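What follows is a single structure, written as structure tokens, with notes after it.
The values are calculated or read from the model by the stated rules, or taken from the named source; none is laboratory data. Predicted model, so just to flag it, every value in this text is computed and none were measured. So basically every Cβ, Gly included, is an ideal-geometry build from the backbone, and we count neighbours across all protein chains shown. Areas reflect the complete protein model, heavy atoms only, side chains present, ligands, DNA and RNA absent. Shrake-Rupley method; radii C 1.70, N 1.55, O 1.52, S 1.80 Å.
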Amino acid sequence: MSPEERHFQEKIDAEIKIEAKNWMPEAYRRTLIRQISQHAHSEIVGMLPEKNWLTRAPSFKRKLQLLAKIQDEAGHGLYLYSAMETLGADRDEEVAKLHRGEVKYSSIFNYPTRSWADMGTIGWLVDGAAIVNQVVLQRTSYGPYSRAMIRICKEESFHQRQGYEILLTMMREGNDEQKAMVQDSINRFWWPALMMFGPTDTDSPNSAQSMAWKIKRMSNDDLRQRFIDQTIPQLELLGCTAPDPDLKWNEERGHYDFGEIDWSEFYDVLKGNGPCNRERLRTRREAIDNGDWVREAATAYASKQQQKQHAA
Amino acid sequence: MSPEERHFQEKIDAEIKIEAKNWMPEAYRRTLIRQISQHAHSEIVGMLPEKNWLTRAPSFKRKLQLLAKIQDEAGHGLYLYSAMETLGADRDEEVAKLHRGEVKYSSIFNYPTRSWADMGTIGWLVDGAAIVNQVVLQRTSYGPYSRAMIRICKEESFHQRQGYEILLTMMREGNDEQKAMVQDSINRFWWPALMMFGPTDTDSPNSAQSMAWKIKRMSNDDLRQRFIDQTIPQLELLGCTAPDPDLKWNEERGHYDFGEIDWSEFYDVLKGNGPCNRERLRTRREAIDNGDWVREAATAYASKQQQKQHAA
Amino acid sequence: MTAQLNSACRQALVDYLLHLGDSDTVMSQRLCEWVGHAPALEEEVAMANVGLDLLGQARSWLSYAAELEDQGRDADQLAFLRDEREYRNLLITEQANGNFADTMARQFFFDAWHFHLLTALCQSTDAQVQAIARKGLKEVTYHLRRSTAWIKRLGDGTAVSHQKMQDAIDDIWTYTGEMFTATSTDPLLVEAGIVPASAPLQQQWLGYVQATLQEATLTCPDENAYMQIGGRQGLHTEQLGYLLAEMQFLPRAYPGATW
Amino acid sequence: MTAQLNSACRQALVDYLLHLGDSDTVMSQRLCEWVGHAPALEEEVAMANVGLDLLGQARSWLSYAAELEDQGRDADQLAFLRDEREYRNLLITEQANGNFADTMARQFFFDAWHFHLLTALCQSTDAQVQAIARKGLKEVTYHLRRSTAWIKRLGDGTAVSHQKMQDAIDDIWTYTGEMFTATSTDPLLVEAGIVPASAPLQQQWLGYVQATLQEATLTCPDENAYMQIGGRQGLHTEQLGYLLAEMQFLPRAYPGATW
């Protein structure tokens, strides 16, 4: 280990944040760029399944909430890309990698939103799972990422409560069709939400280094267990069930036991075979391609303005 | 008058049809091409206001009827372009003239369809007005046009009855909202339908020659009066009213009197200022432009096939 | 004949009829969207013609489903008042029109399935299914001839049309596998001789498709590629909801009205 | 203050409020359609922001309309259960998004009207109108600043953007005149000092628009060109029906449901 590396690891061990200008191992930088860009891409792609019901939101209140949530997500994307750029990466280049299929975004957004209840379930389960992850990441070792997480977590918690409230309203004040919509939505998103924490620890070979660098701070399986434990009481309060016959409280462990996750589905979706992988990427690619002339115009205008100022 | 001209006019006077291979004055040919192409264009553009409710037709029965009607109109367009081509004109060239705004189609199709009732009103009033015109044109002097008219009139009468039946169903079996929809639709289409017969005879300078050639066989005003006279009893049977306070039976004339037509609106729409002129032309232009590569492919394939047959 | 069906079989048949009727309904709605936008006047006529046939078949299948279901609903109520989650159409039918090649790829794969399925249904032990299939087969024979001709024209037309046609085929391929999946209750119907088994159907379809694409100088995608399914379980792509919102607007906005 | 309105004036005000609320609702819906499709992430945020503001204003106007109307309806029922013929929005708001220049032309003309109108409504003799206008004006000031900036950027950007921007302006111009037309009952409101007269508003609008377009190196179309009207009478273009079918789907499909 070089003196720089030793010094770096000592800071990490002492819970001192690494900042943009500090020396860091190249692999640390690369791992972070990859992770933050994936996180940013997920915020942006994650707008699409919600947009699918935005134009069909059933009331002013719900439409305002949903649009505000989507706007927050675009904002999260912006913070995260900024945090990523402190590491010397370029936003456009990372987005191009996404569009070429070289980087991923969270697989959960490859599932379609099939009813209004999905707007509740995404807020509650999907954002809920994201928060469990992000709460831990608030203590991640890289300063700008950690600070972005703190800001994002606050807003996400708000979204999660809103999502839960959508479902609660449908279960408590809704008719039978609406209640069925909620249960159906939970049935469809339950397992994909559990998959959001990634493969089981035994199949997650890169985790060890990330843990040592404190980029990651808890294992996939521990995060997943934490999510399940905190979610089941909320599920019961809704009066709904999880589509998992093996789910039950284990007094001994002090945790819920749960059934086997169908990892073949996870890997299928990851490979591009989810129901919406193609649509999501196509939508994003077209948005950027169709916007080429707009961004070019803005650049041209800005440089004309600058020239005028110089001339004056 | 040359001997050819005399012979031609004698045939006209004797009610002998002029056929494609017969000699005819150049102006007769040009007038006919213009009239038939406008008629054909009207069939095609006329599909668009109906298409606007096709995807929202309220039942299988109505959707089947409407789609069949639209299909008939495309068919009418085909006959009419064929009749026109017997005069040496080219369909693509005439369509290009339409798209360049050099030729018109019936102004009635520049009005939007704002409710389902408009599907009834267009069938009843608009096709009804067209039929009054076309019934007379069955006796027009040019053979291919006359025969096309005979075929078209049969189908149009069927459409007219269907349109009327749509309105009758809404008035007799409908709720108050549906009845209001019908009356509103009649209010909107009444005057434009009357304008379909063109300007008053005093403002219609080209009519005399067309009458002599028996391309036209009744004056605009006579056709309009005939339409009104036959329509009012149907209007009364519906239990609706016309938006014309001056409309009343004139015992002496044996016809209905009616109010002054707002010709400024007629000329505005003709000039391109109707509510839908731009959309209609744009839709047609884009359809043909977007289809360029398809038609080119079909031509290329056909010539490849021909070459293969020659080679074999 | 319907009296002889036991209740499980009857329910299975209702489900199957909804699948057929909904697929025809949605496909027809997509064709309606083309009106006024076709690349040539002759195609306006042809697309309307196919749309009409499918709409008529949809009504027949749904009328029979309503009759068997026996809950006082008619074909219109089934088509215009069920929400997305209850729709049983094939996912391929709800895919957006795209360009003319996209529409033709969708149509061709659908027609080839439809033709071989109706051919088999002409031998159904259920007289009503048989009657509807016989009537429909005449129409679908023409549909398939037409879409096959377009695949060849576009595939073996110009370089531009070839590329567009290949892209269209590659793009929609993932929705073709679903046509040969069975629900848990389909075997009851197969056993009763009411509907054909999927496996031989798939072989016929694939043979026809491969031969046509080859003649059209196009590459047939991998038959073992990953396939999207879900339509028969009411699990649709995000496109269907919009289609239904538009199609069902009037019956939803004016409940109980007669039109 | 509402108690002091006589019944004719009250009806006129309800109508005017529907006009404001519906215009904001429809404009916001069009902006919602852009989500995920904007040319840059910053624009996603900005468009959502404008859409949110307009949606909030729509709710305020319609809530007040519902209160004055006093028929037991609320803002949601007004927005989600009225059909096209009852909608009172400006035709410009319902025009399709087109490309980014089309959307910006629509937004700019609307914002310039909106800004000058709300400025005037800040002096309304109706306290509630005044309060909603004051709150809205802050938001609309930003909207106008943003759309003005885009008109300049695209107009004086590249040759391509200049052409697209000019085409967009020429195309939507025919829908701008309607913003300054009055209904038969508007004079009651003008007389009561509740709303401003249109003529001075139009002059302010035109001055601002002409100056901006000039700076953007764009040509301002003829102010005396033929103008399409009808929105305030519920006479809409063929675009609104589809927008409402989508927007109103859930409340129509599940009557009376709480969400």
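Results, tabulated for the structure shown:
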| read-out | value |
| --- | --- |
| Residue with peak Gaussian network fluctuation, chain B [Cα springs, cutoff 10 Å], from B:A89, B:A242, B:A208 | B:A208 |
| Shape call, the stretch D:75-155: gyration tensor on alpha carbons, a/c limit 1.5 | oblate |
| Alpha carbon Rg of the stretch D:2-253, scaled by the compact-globule rule 2.2 N^0.38 Å | 0.98 |
| Qualifying lysines (Cα of each under 21 Å from Cα of C:K152; at least 8 residues distant if same chain) | B:K304, B:K308, C:K164 |
| Of B:S219, B:N250, B:G239, farthest towards positive along the dipole that unit charges on Lys, Arg, Asp, Glu beta carbons give the stretch B:185-295 | B:S219 |
| For chain B: rounded, prolate or oblate by the Cα gyration tensor [a/c cutoff 1.5] | oblate |
| Heavy-atom accessible area order for B:I150, A:I18, largest first, 1.4 Å probe | B:I150, A:I18 |
| Highest-MSF residue in chain B out of B:G198, B:G128, B:G291 [GNM, Cα springs under 10 Å] | B:G291 |
| B:E165 accessible area, 1.4 Å probe, all protein chains in place, Å² to nearest 10 | 60 Å² |
| Whichever lysines have a C-alpha closer than 25 Å to that of A:K216, once near sequence neighbours (fewer than 8 apart) are set aside | A:K11, A:K17, A:K21, A:K97, A:K104, A:K154, A:K271 |
| Cα-based reach from C:K138 at 16 Å (exclusive), listing aspartates and glutamates while leaving out same-chain residues under 8 positions away | C:D24, C:D53, C:D111 |
| Label-point separation, D:K138 to B:K271 (7 Å along Cα→Cβ), nm | 4.7 nm |
| Of A:K63/D:K135; B:K69/B:K214; B:K61/C:K135, those spanning more than 24 Å from alpha-carbon to alpha-carbon | B:K69/B:K214 |
| Chain D, rotation onto C, residue closest to that axis via Cβ, with its distance in Å | D:R252, 2 |
| Among D:P187, C:T183, C:G98 the positive-end extreme of the charge dipole of the protein assembly as shown (Cβ point charges) | C:G98 |
| Accessible-area ranking of A:D246, D:D171, largest first, probe 1.4 Å | A:D246, D:D171 |
| Cβ-defined net charge surrounding B:S219, 14 Å radius [Lys, Arg +1; Asp, Glu -1] | +1 |
| Computed over chain C: relative contact order in percent, which uses C-alpha pairs under 8 Å that are six or more apart | 25 percent |
| Distance between the stretch C:72-145 and the stretch C:2-48 - C-alpha centres, whole angstrom | 4 Å |
| Whether the protein assembly as shown is rounded, prolate or oblate, judged on the alpha carbon gyration tensor where a/c under 1.5 counts as rounded | prolate |
| Summed side-chain charge close to A:N206 - residues other than A:N206 whose Cβ falls under 14 Å, Lys, Arg +1, Asp, Glu -1 | +2 |
| Alpha-carbon centroids, the stretch D:245-259 and the stretch C:212-259: separation in whole Å | 22 Å |
| 7 Å along Cα→Cβ, label-point gaps from A:Q307 to other copies, nm, shortest first | 5.0 |
| Spatial separation of Cα centroids for the stretch A:219-237 and the stretch A:48-127, in angstrom | 23 Å |
| Sum of side-chain charges, C:L90 neighbourhood, beta-carbon under 9 Å (Lys, Arg +1; Asp, Glu -1) | -1 |
